[in-house]
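What follows is a set of notes on a single structure, which appears directly below.
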């Protein structure tokens, strides 16, 4: 039997303190989330409070004569008053939305001869549609869920029949199981069933895989049609909507959030003015009443157990508040120092916004310029935006790898992607440029690049291969 013994051992380990972890998290937050984080801290820590900022213009001190001195000021005089205080909640006005897609579909069911049982099944199926209007759940699974949640025993054939009814509703293509079925439903819903429409239905029904791979010559031979007839059918398909729910509002879906920049950059008379866009983030201070309370408690010789606990609580909150204020200040300094380094590195670009003037820049370049760690730079540029006089940009936009030309000049890979996009846009769609042809185009411009690298950049641009870009 092995003996049990105890021993002491010293180890030296590096661990991040809770304050350091919180500081890192603050650094990652964009302006909107930082505002929410500050409000949360104010609610949780009674010692923290907002520090009132000086108003830009004190309208309360202006008289009527001040307005009448200037005709422009008098014309813009506001016939309203601000009866809100800084403590009032400022909510955006609620915008009314139209009928949701689900309600619109259910309303159309009233025009079909469905009994109460079938209406319940139809409502359930409509509720299972994806946001793009497709029905991707298996029929057997839907039948089981209807039996479990609605208490209705239903067969797969009955579900299929109700799905067919839903596919007859507007917008055309709703309730389809895949893209091919969605397009066929839209074609069959057209009033004029022209030869081109019928040929398009045949293409999608019998040659869908070949259509996706753009094997046009093979399909023309198998269908026994001319190239003009086939092109007319393709035109009908191209006019269809692959997402039938486009244009229909859904009250359950959240509105797309607006981009709130974290930096504001102005350029006037050859000078840059860089600022943090943190006007919505309040300035913080420690409540003086709690500080005096802590000082009195420390100067009191005799304290009860309850007073000691209260003093300990206040001391902890004061220390936490001091750290949070310091962390916010450190965050601002880190962000400004990093953005100034980016501005200096990409100086020529920020003057006019010419993408061709973007220099190759990686995280290490800015880390070396600021003295920060690469991980710190990565956290700073994550989800941060800057507003310039020529647009709003994600900070990651300014980072790209470099490539040496034959003359030894280093250019950004973004320039390579731009040349590729222009070459593909101007190509003959009947005979698209292959990756090897694109490589030759870049080589002729002085950019020595491998074919597999061309394919990588093409895929990064979201451009398919030459075979899939072919058109008649």
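The values are calculated or read from the model by the stated rules, or taken from the named source; none is laboratory data. From a predicted model like this one, the values you see are computed outputs, not experimental measurements. A quick note on method: Cβ atoms are made from the backbone with ideal geometry, for glycine too, and the neighbour counts reach across all protein chains shown.
All of 343, 311 fail the test of being assigned by TED's automatic domain parsing to the domain that holds residue 269, within 26 Å of the chain's Cα centre (by Cα), at negative phi and surrounded by 13 or more Cβ atoms within 10 Å (Cβ to Cβ), apart from 343.
With a requirement of 1 or more residues that are closer than 30 Å to residue 26 by Cα and touching a residue at least 40 places away in the same chain (Cβ under 8 Å), the strands (runs of 3 or more DSSP E) lying completely within segment 345-452 that satisfy it span 385-388, 391-394. Within segment 387-398, not a single residue is crowded, with 18+ Cβ neighbours inside 10 Å, modelled with pLDDT of 85 or more and more than 29 Å from residue 339 (Cβ to Cβ). Taken together, the residues in segment 120-153 that are out of contact with any helix residue (DSSP H, G or I) (no Cβ under 8 Å at 6 or more places or on another chain), part of a loop (DSSP other than H, G, I, E, B), loosely packed, with under 14 Cβ neighbours inside 10 Å and on the phi < 0 side of the Ramachandran plot amount to 4. Residues in segment 192-213 that are buried (at least 16 other Cβ atoms within 10 Å of the Cβ) and touching a residue at least 40 places away in the same chain (Cβ under 8 Å): 196 alone.
Scanning segment 163-172 for residues that are within 20 Å of residue 138 (Cβ to Cβ) and either surrounded by 18 or more Cβ atoms within 10 Å (Cβ to Cβ) or touching a residue at least 40 places away in the same chain (Cβ under 8 Å) (or both) yields a count of 4.
One line per residue, one yes/no per condition, for (1) in the same structural domain as residue 213 (by TED's automatic domain parsing); (2) under 32 Å from the mean Cα position of the chain (by Cα); (3) within 17 Å of residue 213 (Cα to Cα):
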site: 414; (1), (2), (3): no, yes, no
site: 424; (1), (2), (3): no, yes, no
site: 432; (1), (2), (3): no, no, yes
site: 435; (1), (2), (3): no, yes, no
site: 442; (1), (2), (3): no, no, no
site: 447; (1), (2), (3): no, no, no
site: 454; (1), (2), (3): no, yes, no
site: 457; (1), (2), (3): no, yes, no
site: 460; (1), (2), (3): no, yes, no
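Residues in segment 260-283 that are modelled with pLDDT under 85 and either more than 30 Å from the chain's Cα centre (by Cα) or over 24 Å from residue 49 (Cα atoms) (or both): 260, 269, 270.
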